[in-house]
Amino acid sequence: MRIPWLFGFFIISLLEWTNAIKLPSIITPGCKPIENTSMMMKLKRHLFCEYDSTVRPTTNQQEVTNVTLELVPRFLEFNDWSSAMTLHSWMALNWKDEHLTWNPSNFDGITSLHISSDEIWVPDLSVYNSGDMSLEQNGVPSTKCLLINTGSVMCIPALSYVTKCITDFTFWPYDKHVCRIRFGSWSHTGEEINFHFDKKGYEMDGYVNNTEWSLKISSATKTVKKFDCCPNDTFPVLIYTFLVERQSGLVHVTVVTPAITMVVLTLTVLWLDSRSTERIAMAAINFICHFLCLFDLHWQVPHNGENVPHILLFYRDSLALAAFALILTALLRKLQNMNMETPSWVSSTITFVLNNRAGRFLILTDDESKTSTTGILANETEENSDLTKVSDGKKESSWRQFAAIVEWLSFIAVVLTYLISFTILVPSNQS
């Protein structure tokens, strides 16, 4: 009798020990009965006991999950040398999670709950045209979200988006650049997750202005694409187009103002008498100043973009005119010291100009005017062999008059060239 009794006792003890071991494993971790705790703890247990954050939040997987978003830019970083824009912003995301609904009357009237985005399913919102492939721009970073009893979820994560821009420095320093950010799902089709704009899709009230660049969202559009690999699937893409414009106040002072000064200096050189020492000295200084300004500007303008900035072309042309003024000054000084017979075409040119009152006013001084006028009348009325003998002084006077004609023609030509260059090449702020 004792052996069956001992055997039965052993079996009963073994069963009790087995039940004691297996009982905890039946209850999912975090889902054990909670009696004496807050209603918020009971609500979270009710919601997340068997919740799987990897499953799309719909009871019917054939239904689409609609996600609305609104971009709220905060501040901007723009690198014009690398053509990259970094936009620091908030992104307001809204969707409905049918797995996270409850009846507020069962939980003391609680209608909302703050939760971490790591605890729930979040859309895999990604940047398709990322300008920094080493930067993770897929999904939603960890943040706090607001959950409503109807299953509505709102998350506003802080994000930094890096994208390459289409840069155009033609009108530098008043340059404007177009940047685009393309959003979409990384792994889901439009039949699974469909993204929409919330109202106009962006809000600029919270933007903090950049001292160097201004930001404007020119458009927010949605496109639906299809690919040959998946003819029955659609892929919605949300495209934000930004206009980044340089704040050109400081650059205007350091670039455009010196350009105007160089123009005035070049014209002053051409205005001075070519026989004066001041003109040759100023012409040399003018050429050196042009060269230094162009060299300095070369390091300020970004070395990218298809078009050469107009301001560089203007400085290049102005440098060429400064070199022309320097060379012309040296040639005219040499020309006026010549003691050889003037060619017939030179004499004809001088005669044609001096026959005009305006020409005599511009070319001749008071003393030269009387002498030259008498000489012209004599050439027209007298035909004797004595006129073929010209003194050395008269030869020098003819070359001096011809040099004066060249000076004025050069001055007028340079003025017209600068007017055309200013009209075409010197940029202006159009905004």
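Of note:
- Segment Ala323-Val253, extension gain: residue separation times 0.36 nm, minus the distance between their alpha carbons: 22.7 nm
- Interchain or long-range residues, amide H under 5 Å from Val140's placed H: Leu125
- Charged side chains reduced to their Cβ positions (Lys and Arg at +1, Asp and Glu at -1) give region 165-223 a dipole of some 160 debye around its Cα centre.
- Solvent exposure of region 145-294 amounts to 49 Å² per residue of accessible area, where only protein heavy atoms count and the probe is 1.4 Å.
- Cβ-based charge dipole, region 44-134, positive-most Cα from Val122, Cys49, Leu93: Cys49
- For a label point 7 Å along the Cα-to-beta-carbon line of Asp124, residues of region 195-209 with backbone N under 18 Å: 195-196
- Net charge, Glu63 excluded, C-beta distance under 15 Å - Lys, Arg +1, Asp, Glu -1: -2
- With contacts taken as Cα pairs under 8 Å and at least 6 residues apart, region 36-102 reaches a relative contact order of 35 percent.
- Per-residue ³J(HN,Hα) for region 112-122, Karplus 6.51 cos²θ - 1.76 cosθ + 1.60, θ = phi - 60°, Hz, x for Gly and Pro: 9, 8, 8, 9, 8, 5, 5, 8, 10, 6, 10
- Calculated diffusion of region 128-236, Stokes-Einstein form, Kirkwood radius summed over Cα pairs, 10 °C and 1.306 mPa s, µm²/s: 92 µm²/s
- The slack between Phe291 and Glu63, meaning 0.36 nm per residue of separation minus the straight C-alpha distance, is 75.2 nm.
- Charge dipole (Cα centre; +1 on Lys/Arg Cβ, -1 on Asp/Glu Cβ; no other charges) of region 58-168 amounts to roughly 160 debye.
- Above-threshold pairs, the threshold being 29 Å between Cα atoms, out of Lys42/Lys96; Lys144/Lys200; Lys176/Lys226: Lys176/Lys226
- Estimated vicinal HN-Hα couplings, Hz - region 253-259 in sequence order (Karplus 6.51, -1.76, 1.60; Gly, Pro = x): 5, 8, 10, 6, 4, x, 4
- Around Ala283: net Lys/Arg minus Asp/Glu count, Cβ-Cβ under 15 Å: +1
The values are calculated or read from the model by the stated rules, or taken from the named source; none is laboratory data. For clarity, every value in this text was computed on a predicted model and none was experimentally measured. Note that each Cβ is placed from the backbone with ideal geometry, even for glycine, and that neighbours are counted across all protein chains shown. Side chains are part of the model used for accessible areas, which takes the heavy atoms of the whole protein and leaves out ligands, DNA and RNA. Shrake-Rupley method; radii C 1.70, N 1.55, O 1.52, S 1.80 Å.
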